[in-house]
Amino acid sequence: MSRPLENTAPMEKLISTLDLEKLEENLFRGTSPQVGWQRVFGGQVIAQALMAAQRTVQDDRFVHSLHAYFMRPGDPLVPIIYQVDRIRDGASFNTRRIVAIQHGHAIFSMSASFQIDEGGFDHQATIPTVPQPEQLMSEEQMRDAFLAKAPPAIRKYWENKRPIEIRPVSLTHYISKEKLDPHQDIWVRAVGNVPDDRHYQAAVLAYLSDMTLLDTSLYAHGTTIFDPAVQAASLDHAMWFHRPCKLDDWLLYSQDSPSASGARGLTRGSLFTRDGILVASMAQEGLIRKMAND
């Protein structure tokens, strides 16, 4: 008899969440872990949509890009239905369109493209020079050092056990209202074992790619997504998968925000292995709206 989800470790819970129920050809159902949030984490929806699409392509085809839009907040209390449209099956590439549905409405849509493994030209950006994760505070140390005086929203975020551990290179953003250069480097790693399966590895990578990204667009303004005076939400998310990654060690998530305007912030990200291999690139635009003062 399997253990109830609420009693499993965070990574086991995530992997179980990604194991979608097949309802019919091209139709899948996913659930959300009950962690007390009012809406479903965007990275979860991206990852589940990717898993749904991956189950409609051949085993030797792997995702190389996805482009998604968030349209409505996801309700964590009810299942999400993922409908996959098989746009094209070619000799080398497959294209899928996925729509996530709740309460009779589309809450999210995504296009994803898959390719067979091929050789070819190869170059990449260079990993930034930053301290190694072992030189930085652990999440437990950060909680002990800063959480006692932190706002409730920040305390709740850091106190929840998560399948991904993060270690920011700089903590200035969390402890001051200083206007900073819109750039951050964060080490991230899976807490627990990820299956030795490239489809699950890609989905977990997509899941973590939505963590901390939008916040970088607020660095230049001395505030955070936890500020009650800021309405923040992901609007879209694009991701390119460059090279396979087993997620068995730390990854450096290097992020920058080239622009904010019109109540929207744009952020870009690059994920590197510890030894400097560029695994994936991301871009995301999010709503960062100043709330009217009472």
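The values are calculated or read from the model by the stated rules, or taken from the named source; none is laboratory data. This structure is a prediction, so every number in the text was calculated from the model and none was measured. Cβ placement follows ideal geometry from the backbone for every residue including glycine, while neighbour counts extend to all protein chains displayed. Just the protein is used for accessible areas: all its heavy atoms, side chains included, with ligands, DNA and RNA removed. Shrake-Rupley method; radii C 1.70, N 1.55, O 1.52, S 1.80 Å.
Rolling a 1.4 angstrom probe over the protein heavy atoms, how many square angstrom per residue are accessible across the chain?
51 Å²
For H105 and D275 in one chain, what is 0.36 nm times their gap in residues minus the Cα-Cα distance, to one decimal in nm?
Full extension of this stretch gives 56.8 nm more.
Share of the range 214-277's accessible area from carbon and sulfur, percent, 1.4 Å?
Carbon plus sulfur share of accessible area: 54 percent.
Once phi is turned into θ = phi - 60°, what whole-Hz ³J(HN,Hα) does the Karplus curve with 6.51, -1.76 and 1.60 give for every residue of the range 285-290, x standing for Gly and Pro?
Coupling constants for the range 285-290: 10, x, 6, 10, 9, 6 Hz.
Could you please state how large a percent of the accessible area of the range 44-125 is carbon and sulfur, counting protein chains only and using a 1.4 Å probe?
Ligands and nucleic acids excluded, carbon and sulfur give 53 percent.
What shape does the range 212-286 have by the C-alpha gyration tensor, where a ≥ b ≥ c are the square roots of the eigenvalues, rounded means a/c under 1.5, and otherwise prolate means a/b greater than b/c and oblate the rest?
Here the range 212-286 falls in the prolate category.
Given R₀ = 22 Å, what would the calculated FRET efficiency be for K161 paired with D197, taking r from the Cβ atoms and rounding to 0.05?
Step by step, r from the Cβ atoms, then E = 0.40.
Measuring from label point to label point, each 7 Å out along Cα→Cβ, what is the I175 to V230 span in nm?
Distance between label points: 1.9 nm.
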